[in-house]
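> Please find one structure pasted underneath; my questions will follow.
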Amino acid sequence: MNTQKPTLINVIAWTTLASGIVNLFWGLAASGTMLATIVGVICTPLTILPTILGVFELIYAAKLFSNPAQPILPSTNIAIFEIACVLTGNVCSMAVGILSLVFYNDTIVKDYFARLNGTLTPVTVTPITPASIPTPEPAPVIEEPVPTLIEETPAEETPAKPKRGPRKVADK
């Protein structure tokens, strides 16, 4: 299968790999910090989530780097969870998630995933010849009387304005 990887696929793979490593360490450090306090013990499940996401990111990046390429779909779920990592304070992962979603919408990336998964359908173009164009038939002309909306009424004479006399100036 001749599927040359576009540059954006390599960018997605490298940023996902870096985000996975950061999320692993971020989750472990946050979990260790939370376990040091009594209230933190209750919140520890929230800090484990970046660690789990980091594992999934590493697996997905390994599939993107594989040679020969494995059939794989764009993982918008991982990108959305990367954006959600801002809730744990990981801004780096959020930026990677936003960039991944933007790159997944690029036509080159969509075409690559379609070729990789074999879902690209070939388009056959049929040439248009003058004989295949149907000739339009003329529409029949129907003449109907056009009703007038304004009735003609005799014009009434408008009275002229009465003329005023000279103005008087008030005495002071």
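The values are calculated or read from the model by the stated rules, or taken from the named source; none is laboratory data. Please read these numbers as outputs of a predicted model, since none were measured by experiment. Neighbour counts are summed over all protein chains in view; Cβ atoms, including those assigned to glycine, are modelled from backbone coordinates with ideal geometry. Accessible surface areas use protein heavy atoms only, side chains included; no ligands, DNA or RNA. Shrake-Rupley method; radii C 1.70, N 1.55, O 1.52, S 1.80 Å.
> Any idea which of (1) in contact with a Lys or Arg (Cβ under 9 Å, 6 or more places away or on another chain); (2) β-branched (Val, Ile, Thr); (3) assigned to a helix (DSSP H, G or I) is the one Ile80 doesn't satisfy?
(1)
> A further question on this structure: Here is a check on your reading of the model: is Leu87 open to solvent by 80 Å² or more (accessible area, probe 1.4 Å), over 18 Å from Val11 (Cβ atoms), over 24 Å from the mean Cα position of the chain (by Cα) and without any contact (Cβ under 8 Å) to a residue 60 or more places away in the chain?
In short, no.
> Another question, then. Given (1) modelled with pLDDT of 75 or more; (2) open to solvent by less than 80 Å² (accessible area, probe 1.4 Å); (3) farther than 22 Å from Leu17 by Cα; (4) of a type in the set (Ser, Thr, Tyr), identify the lone condition not met by Ser132.
So Ser132 meets the others, but not (1).
> Please identify the pairs in which a residue from segment 55-72 that is farther than 9 Å from Gly20 by Cβ and charged (D, E, K, R) has its Cβ atom under 9 Å from the Cβ atom of a residue that is assigned to a helix (DSSP H, G or I) and open to solvent by less than 80 Å² (accessible area, probe 1.4 Å), counting only partners at least 6 apart or on another chain.
If the second residue must be assigned to a helix (DSSP H, G or I) and open to solvent by less than 80 Å² (accessible area, probe 1.4 Å), the pairs left are Lys63/Ala13.
> Taking segment 13-62 only, how many residues are exposed (fewer than 15 other Cβ atoms within 10 Å of the Cβ) and either among the basic types (Lys, Arg) or within 30 Å of Tyr112 (Cα to Cα) (or both)?
Selection size over segment 13-62: 6.
> If you don't mind, there's one more thing I want to ask. Scan segment 94-114 and tell me whether some residue there is open to solvent by less than 90 Å² (accessible area, probe 1.4 Å), under 16 Å from Lys5 (Cβ atoms), of a type in the set (Gly, Ala, Ser) and out of contact with any strand residue (DSSP E or B) (no Cβ under 9 Å at 6 or more places or on another chain).
Yes.
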